[in-house]
Amino acid sequence: MGRRLRGARSLRSPGDDGMKSTLTFKPGPTSIASVHQRIVNSMLRGDDDQAPERREDDILSRDYHPQALQVAIHTWRRRMIHEHESTAVFAAIVPQLMEAHATIDFKTTVLRCAMDELRHAALCEEVIEFLGGDPSVEVEVDLQPIPRHQDCSRRVAVLRNLLFASLTETISMGLLTEERERVEEPYIARVLRQLASDESLHARVGWNYLAALHEDLTDEERQAMRDYMPVALGVLEAELLHAMPLDPDNEPLPEIMADIFALGFSESRNGRALLYDSINEVVLPRLDAFGLNATDAWNVRKRVA
Ligand SMILES: [Fe+2]
Ligand SMILES: [Fe+2]
């Protein structure tokens, strides 16, 4: 997760080591912008007349408490950074799928997931503008590389990474489901509907890759997956808690909770409770069903600061 640093300036160009750059999801001035638009329109959006991209008449339907708007802007900005980073994760998984001789359906679907995440980041940018906020945010230029897992076969290495990505998506689905039940702003409801629909595919792809390989894994490979579970579950917990920070100085006032839900998100305390529900009720039983001993691994998970 990138760190927000407003107003930072440097003489070096974005792309230099250790630099920060401003995220933006507006298309550039060349004819490639129309190629981008065609991809969004035809491939990602399809013939969906409920497309979530912001229209001119999408304006807030009522007044909200200023703190609720402020927390909403902050939350959607954090989500925008995270969506952008997810693009890099899915894109980096593609060459690993190629190295592991995965079937083409997984390669195209994971590439699509990467494109979905870019679109999600652009949607978040529009939501921030809709809320009256400034979406510009400076993030670290350098992205976190995904693990190579050189202690196991190529297909187990990529299975670990793709399954991990899908576990985070599986948990996000639980949060999105609750947010969709409570949201009242019609435009934000359209955005959440799109996010939920795409994230459900992102969750499925890793589980399906596990299902595709499961029967064929050697004993050694299966053990390599079991060995990974305490690490994966510890990192998963740490990353998701990090994405839902508890800030006692910035606790939402009880009287603005209705506004917060109406604007389409949960506050961190509630999100954290849902995280543990999803892990216990969905993630661990499903991993156990594949013989990965996840419940045991959860109890001895590697705690990450
Ligand atoms: Fe996303
Ligand atoms: Fe996703």
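The values are calculated or read from the model by the stated rules, or taken from the named source; none is laboratory data. These figures come from a predicted structure and were not determined experimentally. All Cβ positions, even for glycine, are placed from backbone atoms using ideal geometry, and neighbour counts span all protein chains on display.
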Could you run through the range 141-161 and say how many residues are farther than 15 Å from Arg286 by Cβ and in a helix (DSSP H, G or I)?
-> 7
Would it be correct to say that Asn208 is at pLDDT 95 or above, farther than 25 Å from Ile260 by Cβ, out of contact with any helix residue (DSSP H, G or I) (no Cβ under 7 Å at 6 or more places or on another chain) and surrounded by 15 or more Cβ atoms within 10 Å (Cβ to Cβ)?
-> yes
Please note which helices (runs of 4 or more DSSP H) are completely contained in the range 20-134 and include at least 3 residues that are buried (at least 17 other Cβ atoms within 10 Å of the Cβ) and out of contact with any helix residue (DSSP H, G or I) (no Cβ under 9 Å at 6 or more places or on another chain).
-> none
Within the range 200-219, how many residues turn out to be assigned to a helix (DSSP H, G or I) and over 21 Å from Ala165 (Cα atoms)?
-> 1
Of the residues that make up the range 255-275, is at least one without any contact (Cβ under 8 Å) to a residue 24 or more places away in the chain and under 29 Å from Asn208 (Cα atoms)?
-> yes
Would you point out the residue of the range 270-305, among those that are under 24 Å from Leu195 (Cβ atoms) and surrounded by fewer than 15 Cβ atoms within 10 Å (Cβ to Cβ), that is modelled with the lowest pLDDT?
-> Ala273
In the range 247-269, the residues that are surrounded by fewer than 18 Cβ atoms within 10 Å (Cβ to Cβ), in a helix (DSSP H, G or I) and touching a helix residue (DSSP H, G or I) at 6+ places or on another chain (Cβ under 8 Å) = Asn250
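Okay, residues lined up against (1) within 14 Å of ligand 2 (Cβ to nearest atom); (2) out of contact with any strand residue (DSSP E or B) (no Cβ under 7 Å at 6 or more places or on another chain); (3) not small (Gly, Ala, Ser):
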| site | (1), (2), (3) |
| --- | --- |
| Gln144 | no, yes, yes |
| Leu162 | yes, yes, yes |
| Ala165 | yes, yes, no |
| Tyr187 | no, yes, yes |
| Leu192 | yes, yes, yes |
| Ser197 | yes, yes, no |
Of these, Arg272, Arg222, Arg226, Arg301, which one is outside any helix (DSSP H, G or I) and among the basic types (Lys, Arg)?
-> Arg301
Condition check for Ile260: among the β-branched types (Val, Ile, Thr) and in contact with a His (Cβ under 8 Å, 6 or more places away or on another chain) = no
Might you let me know whether the range 89-101 holds any residue that is under 30 Å from Leu263 (Cβ atoms) and within 16 Å of ligand 2 (Cβ to nearest atom)?
-> yes
Every residue from the range 190-205 that is buried (at least 19 other Cβ atoms within 10 Å of the Cβ) and more than 10 Å from ligand 1 (Cβ to nearest atom) = Arg190, Val191, Leu192, Ala203, Val205
Could you tell me whether the range 109-123 includes any residue that is over 30 Å from Leu60 (Cα atoms) and modelled with pLDDT under 95?
-> no
Identity of the residue in the range 172-187, touching a residue at least 60 places away in the same chain (Cβ under 8 Å) and more than 15 Å from ligand 1 (Cβ to nearest atom), that ends up surrounded by the fewest Cβ atoms within 10 Å (Cβ to Cβ) | Pro186
Number of the condition not met by Ser197 [criteria: (1) in a helix (DSSP H, G or I); (2) over 18 Å from the mean Cα position of the chain (by Cα)] | (2)
